[in-house]
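This report refers to the structure that appears directly beneath it.
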């Protein structure tokens with residue numbers, strides 16, 4: 001009998017304790033949720049400015065850093081490294097063969113002058129001239145490509161800043177389909193074949 005009374009009294013006390021312990025938890029969770037501030041979306045004023053991105057890009061790769069496109073940095077540096085390497089290597093060869101050509105040409109025009117340049121002794125003067133021109137063209141081309149790469153990274157930074165938050169609508173579609181008109185339609189279309197491109201936005 002005593003054990004029955006203990007159980008009858010004990011169970012409601014245990015249930016009451018459980019209720020008291022569990023009730024504050026949702027309230028605490030709600031308070032924590034209220035304290036957490038929602039993440040703010042970037043406003044237009046916080047977007048990268050195309051003008052500033054272009055100015056920053058005058059210093060190579062600084063425009064990409066301004067736009068926070070850090071993954072493009074190795075590409076920009078690799079472009080300058082490759083074009084710079086070929087430009088310097090071709091310039092070195094150009095100067096070497098130019099010196100040999102001048103020495104060989106002087107030896108051809110002056111019988112009292114002896115050219116000790118190993119390249120001049122190995123090649124004819126005409127061959128040295130064509131090799132010198134070959135390396136000069138490659139050197140100039142390398143530096144022109146480097147200049148083009150410099151302009152390209154400026155354009156990349158400016159365009160990237162312009163399109164930073166460019167939204168593509170779901171309604172935007174591009175359809176490409178062949179067009180075959182085997183016969184003439186009087187007063188309208190002549191016979192023709194081609195491709196029709198339709199852009200809907």
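Each reported figure results from applying straightforward, stated rules to the coordinates on display, with no laboratory input. All values reported here derive from a predicted model rather than from experimental measurement. Note that we place each Cβ from the backbone using ideal geometry, even for glycine, and neighbour counts take in every protein chain shown.
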For peptides 82-88, 186-192, 58-64, sequence by mean Cβ density within 10 Å, most packed first: 58-64, 82-88, 186-192
Percent RCO, i.e. relative contact order, over region 49-165, from Cα pairs under 8 Å lying at least 6 residues apart: 42 percent
Cα gyration tensor category, rounded, prolate or oblate, for region 49-165 with a/c compared to 1.5: prolate
Listed peptides 133-142, 96-105 by packing density, highest first (mean Cβ within 10 Å): 96-105, 133-142
Average Cα contact separation per residue, region 107-201, under 8 Å, 6 or more apart, as relative contact order %: 18 percent
